[in-house]
Amino acid sequence: MATNIMKSYENHGIVELSKIKATQCGHIYSLRAPQDIDNGSVVAIGEYEKGDVWKAAVPKKLDKVALVTTSVVIYEDYTKKCQEEGRFYNAKGDVTRCHELVETDEYAISAEAFAEGADPKKGAYVVVDGVGFKVTTVTDAPSKAEYGFIGQIFDIATNGHYRISVKQNKDLNV
């Protein structure tokens, strides 16, 4: 996380890795952030950079996505508020950790990880809007031919985070 005292007081997305296959045997990617990105956002894997680093790209509706899950490290200790997990973000140029998502994976994200205008609630579907890194919601079951990534909010945790079950994550650009 870059040092930016003003951003230290903004709320950012939080992600919880509940049941994600990539924590045991899937792919974990190192992707460079083209702009500030919150944990719990989704990215498309862009162009190869060097070593094991790729560029993160804004996912299009038909893209397969990876979940931004960088370990929270906050050096600012001006106040206890600065140390809260919700103050962490991945700054432009940082190399982020991203987990591959597969069907039946489960994870949770905070309200801040949703795009503006999203209406997260139990039963809503989670999709990519093709505009930014944050996911949005739709109420009706989305077409598996229209969206590469589809999730569904199956529960709301006691901490207010939205538990999502992955229904589909594949590249439909072929």
Completion exercise
Result of the Cβ filter at 6 Å on region 14-38, keeping first residues that are closer than 22 Å to Y162 by Cα and partners that are among the polar types (S, T, N, Q) and in a strand (DSSP E or B), at least 6 apart or interchain, is I37/N90
Fill in the blank from the handout: Of the conditions (1) in contact with a helix residue (DSSP H, G or I) (Cβ under 6 Å, 6 or more places away or on another chain); (2) not in a strand (DSSP E or B), the single one that D171 does not satisfy is (1)
Fill in the blank from the handout: Checked T70, T79 against criteria (part of a loop (DSSP other than H, G, I, E, B), at pLDDT below 95 and surrounded by 13 or more Cβ atoms within 10 Å (Cβ to Cβ)); the one match is T70
Exercise for the section: Look at E100 and say whether it is modelled with pLDDT under 95 and surrounded by 15 or more Cβ atoms within 10 Å (Cβ to Cβ). Expected result: no
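Kindly provide the set of residues from region 125-150 that are among the hydroxyl-bearing types (S, T, Y), loosely packed, with under 13 Cβ neighbours inside 10 Å and either closer than 19 Å to E103 by Cβ or touching a residue at least 40 places away in the same chain (Cβ under 8 Å) (or both), ordered by number.
S143
Can you pull out the residues in region 37-57 that are surrounded by fewer than 19 Cβ atoms within 10 Å (Cβ to Cβ) and either among the hydrophobic types (A, V, I, L, M, F, W, C) or closer than 19 Å to V135 by Cβ (or both)?
Residues satisfying the conditions are G46, V53, A57.
The values are calculated or read from the model by the stated rules, or taken from the named source; none is laboratory data. Computed from a predicted structure; not experimentally measured. Neighbour counts are summed over all protein chains in view; Cβ atoms, including those assigned to glycine, are modelled from backbone coordinates with ideal geometry.
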